[in-house]
1. Answer with yes or no whether residue 305 is of a type outside the set (D, E, K, R) and touching a helix residue (DSSP H, G or I) at 6+ places or on another chain (Cβ under 9 Å).
2. Restricting to region 272-303, what's the tally of residues that are part of a loop (DSSP other than H, G, I, E, B) and in contact (Cβ under 8 Å) with a residue 40 or more places away in the chain?
3. So which of 175, 196 is more than 30 Å from residue 307 (Cα to Cα), assigned by TED's automatic domain parsing to the domain that holds residue 36 and either surrounded by fewer than 20 Cβ atoms within 10 Å (Cβ to Cβ) or at pLDDT below 95 (or both)?
4. For the structure I just gave you, tell me whether residue 244 is outside any loop (DSSP other than H, G, I, E, B) and over 26 Å from the mean Cα position of the chain (by Cα).
5. Quick check on my filter: what residues within region 90-99 are at pLDDT 95 or above and either assigned to a loop (DSSP other than H, G, I, E, B) or outside the structural domain of residue 38 (by TED's automatic domain parsing) (or both)?
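The values are calculated or read from the model by the stated rules, or taken from the named source; none is laboratory data. Just so it is clear, the model here is predicted, and its values are computed rather than measured. Don't worry about glycine lacking a Cβ; one is built from the backbone with ideal geometry, like all the others, and counts go over all protein chains shown.
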Amino acid sequence: MRRSLPAPGEAAIRAGDEAAFVAAVERHRREPRVHCYRMLGSLEESEDLVQETALRAWRGRHEFEGRASARAWLYAIATNACLDVLRRRPARVLPVDVAAPSDPTGALPARADLPWLEPYPDHLLEGVAPEAEGPDAIAVANETLELAFLAAIQHLTPRRRAVLILRDVLDWPARDTAAALAMSVNSVNSTLQRARATLRDHLPRRRAEWTAGTPSASERALVGRYMDAHERGDVAALAGLLREDARVSAPPLPLWFDGREACLASARRLAAPGRFRYVATAANRQPAAASYVRRDGDGTYRPRGIDVLTIAGGLVVEVTAFLRPDLFAAFGLPAAL
């Protein structure tokens, strides 16, 4: 775990100086929020848990002894607050977890009230540094925000998830992880090995081909062609952008299409020139596109969903279309076009 010199005001925190406490929490606010998102898979819950972390930290400020930084102290509190949530609710899911591949010619299913995985806006990651130093740490920070990683760790028990994130993502030593979770070092090490094995079983086999981080110029151009094809209702153009084994899902509908032909058959049912408008965005260190739809007789385009794209070898391999207009504000997107 990266150590820092004691920050100004840490002694004042222990003394109950409210101004020093608020300053310390605000200085590190973004990092615990991302940590809570990794733990929970929910943007909304991560916001709530940042507030819960601050409350727990204030109540337990006298326990802050200064042996670790205020940053590490807040991480430990946030982790345990997340564990309390995870013990009370089931894991978050994507459509592939709850349904068989869908028939693109069949009727659309109703929205399902399930704990769906949620996307995380990239603009909220600004100023969040990886726990360790160097390019490898940056790569880990990016890859562990991908939807594939978030979906895979849903298969871990809450404690295994916490150990994996603290050890492999935040680069904490086993002894610090053990102290934060009230475990022995031996238990931390054995739990980590089990978590890694489960993770390997649930990550996509070709994930190493994917890109993570700030989209490249070629990826941004590909997203532009993706948006243009949908806006023009040009399914043939869309076909040229999808890999043969592409997959499209649309939470909160328990619906997903497996393979390019199934994806295109579904797209044909919706395709119409001028029906959709798109705005480029980014989520989970992946390129994304926000869709707006115009109803018949209405000239206004209203929020429909946020398509998070996975790209490999210059083609789209997966689209997770979160049909959640309520997420647009968090992404800083306009309420209408």
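1. Details: of a type outside the set (D, E, K, R): yes; touching a helix residue (DSSP H, G or I) at 6+ places or on another chain (Cβ under 9 Å): yes.
Yes.
2. As a first pass, look at region 272-303 and keep what is part of a loop (DSSP other than H, G, I, E, B): 272-275, 284-285, 295-300.
With the extra rule that they be in contact (Cβ under 8 Å) with a residue 40 or more places away in the chain, the set shrinks to 273-275, 284-285.
Residues meeting the conditions: 5.
3. Selected residue: 175, the only one of 175, 196 that is more than 30 Å from residue 307 (Cα to Cα), assigned by TED's automatic domain parsing to the domain that holds residue 36 and either surrounded by fewer than 20 Cβ atoms within 10 Å (Cβ to Cβ) or at pLDDT below 95 (or both).
4. On the way: outside any loop (DSSP other than H, G, I, E, B): yes; over 26 Å from the mean Cα position of the chain (by Cα): no.
The answer is no for residue 244.
5. Within region 90-99, 92, 94 qualify.
So that you can scan it fast, the table gives a plain yes or no per residue for (1) in contact with a helix residue (DSSP H, G or I) (Cβ under 9 Å, 6 or more places away or on another chain); (2) at pLDDT below 95; (3) among the small types (Gly, Ala, Ser):
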residue	(1), (2), (3)
220	no, yes, no
227	no, no, no
244	yes, no, no
291	yes, no, yes
